Amino acid sequence: MENPIVKLRGYKDGLHLIINPKVSLNEVEAAIHELLDGMNQPLAGTSINIDMRPSPLSSEDLKNLETYLTENYDLVVSGVNVFDEKDESPILAAPATHSISQSLTNDNQPDFEQSQIVRQTIRSGQTTSCLSGSVVIYGDVNPGGEVVAAGDIIVLGALRGNAHAGVHGRLSSVIIAMELVPLQLQIGSYMNRPPVGQKPRGYPEIARVGAEDIIIVEEFIKF
Amino acid sequence: MGKVIVITSGKGGVGKTTSTANLGTALAMIERTVVIIDADVGLRNLDVVMGLESRVVYTSMDVIEKRCDLDKALVKDRRVEDLMLLAASQRNRKDDIKPEQMQEICEKLKQEYDFVLIDSPAGIEQGFHNAAAGADEAIIVTTPDVSAIRDADRIIGLLQHQGINSINLVLNRLSPTLVKNGNMMGKNEVLDILNIDLLGVVPEDTGVIASTNRGVPLVHSEGSPGAEAYMRIARRMTGQRIPIPEMQEENFFANLLNWFSRNK
């Protein structure tokens, strides 16, 4: 029993709500109501992505839709992916690479608007958290220090402590550091740690959730 | 108006008391007026290291509870002029003193003396907060091992949170031979993590043990590497620019090469 207007799909980076292009906000809300109320499992607290082709809903509508999802179903909208019109492939063929992330609260701005810049070293016992976006640290994160972000974590220094990116479940979040020698890394619900005695490699590295659902670390060249 | 400097580390046994005794003595030797305060209430030992145990009559607790004047509680050193000790009470506990009371003592002392050095207890509890309460600056003492450095890092965070921004490092008990063999962290590795200014490096010196047991600070034994390092640190504290020498291994050929390169 497929709903013609909205579909709910689980992908590697979390739940995706796929919206049919040619509908109005009211139709979408009605369809969501039908879809989610008919489910046995409550989704409260889960984060969700919205996928659609360009211009079915205005940014005003998107904001209303986000409020609707949050108020009625307690869902956290972690990203909106707008797909290229020319791209004839099914919407979710390759969500991570084709998507353009768009913030709901800042029109057409990347979600760095709500992000945080920290101009100091995070020392043992100190925690920096940004639950609305990404964190950029102009300094080091020392052993015993901790950084938590809803989005990405970028350390323009050495990351020697703990880092938890995508804390609300955004598995496309990444952790980048000039020197990546952490105690532990977490992205969403995945955790990993480097082998004991890992030495700094001398180049920037990026950690992300790889194909096997494990956190992989590789040389950071560009996004 | 003088400076109040807290000497702290987080971890115990890294040389806070030894450093306080030696820096206090060294500063007095280069003609500064100095008070050293033992803030380790209940576990005092700065008086023992200074060899002044038998002369302590009043403590900071007596001053706080107004049993005697501050001037009367200061014990004069028996070797150098212008060096005073304010001992801690052995009968009380650390939470018997409030940070404001410590602050008041420091405020009064810095009107009259050039340097007020506070020997902080180990840990991050009340005793540490009392010790740091009246301080304008801090000296972190650490040994080059990971646990001491981890604790030092935590302490730096706490001091910065308290608004103390002038924080300098004394790296204690560095053994050039162990560093060279890769068995000990070097100066640069420690600085890379802690990211604060280095005030000086004190090499491992067995003379410290004897001097502590005799109650005569090491700086009195001229020519010992530890004493020289502490003298250099004291001079830097008075604003003199003295470069930090690269630690040389005890090696005849290295010294010879060094001698040649200096006389080129």
Within the stretch A:120-148, restricting to residues that are modelled with pLDDT under 95 and open to solvent by 80 Å² or more (accessible area, probe 1.4 Å), the one that is farthest from the other protein chains (Cβ to nearest Cβ) is A:131
Could you grab me the full set of residues in the stretch B:114-125 that are more than 14 Å from every other protein chain (Cβ to nearest Cβ), surrounded by fewer than 23 Cβ atoms within 10 Å (Cβ to Cβ) and either among the hydrophobic types (A, V, I, L, M, F, W, C) or touching a strand residue (DSSP E or B) at 6+ places or on another chain (Cβ under 6 Å) (or both)?
-> B:122
Within the stretch A:166-178, is there a residue that is without any contact (Cβ under 8 Å) to a residue 40 or more places away in the chain, open to solvent by less than 20 Å² (accessible area, probe 1.4 Å) and within 14 Å of chain B (Cβ to nearest Cβ)?
-> no
Restricting attention to the stretch B:103-125, which residues are without any contact (Cβ under 8 Å) to a residue 40 or more places away in the chain, in contact with a helix residue (DSSP H, G or I) (Cβ under 8 Å, 6 or more places away or on another chain) and outside any loop (DSSP other than H, G, I, E, B)?
-> B:103, B:108
Those residues that are part of a loop (DSSP other than H, G, I, E, B) and out of contact with any helix residue (DSSP H, G or I) (no Cβ under 7 Å at 6 or more places or on another chain), I need them from the stretch B:82-102; list them, please.
-> B:90, B:91, B:93, B:98
Among the residues of the stretch B:171-183, is there at least one that is within 14 Å of chain A (Cβ to nearest Cβ), part of a strand (DSSP E or B) and farther than 30 Å from residue B:54 by Cα?
-> no
Kindly provide the set of residues from the stretch B:126-161 that are open to solvent by 10 Å² or more (accessible area, probe 1.4 Å), within 14 Å of chain A (Cβ to nearest Cβ) and either at pLDDT 95 or above or in a helix (DSSP H, G or I) (or both), ordered by number.
-> B:146, B:147, B:150, B:151, B:154, B:158, B:160, B:161
Which residues, counting only those in the stretch B:224-264, are at pLDDT 90 or above and over 23 Å from residue B:166 (Cβ atoms)?
-> B:224, B:225, B:226, B:227, B:228
Name every residue in the stretch B:1-34 that is under 18 Å from residue B:121 (Cβ atoms), touching an Asp or Glu at 6+ places or on another chain (Cβ under 7 Å) and assigned to a loop (DSSP other than H, G, I, E, B), in order of residue number.
-> B:9, B:10, B:11
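The values are calculated or read from the model by the stated rules, or taken from the named source; none is laboratory data. None of the values given here were measured: they were computed from a predicted structure. Neighbour counts are summed over all protein chains in view; Cβ atoms, including those assigned to glycine, are modelled from backbone coordinates with ideal geometry. Just the protein is used for accessible areas: all its heavy atoms, side chains included, with ligands, DNA and RNA removed. Shrake-Rupley method; radii C 1.70, N 1.55, O 1.52, S 1.80 Å.
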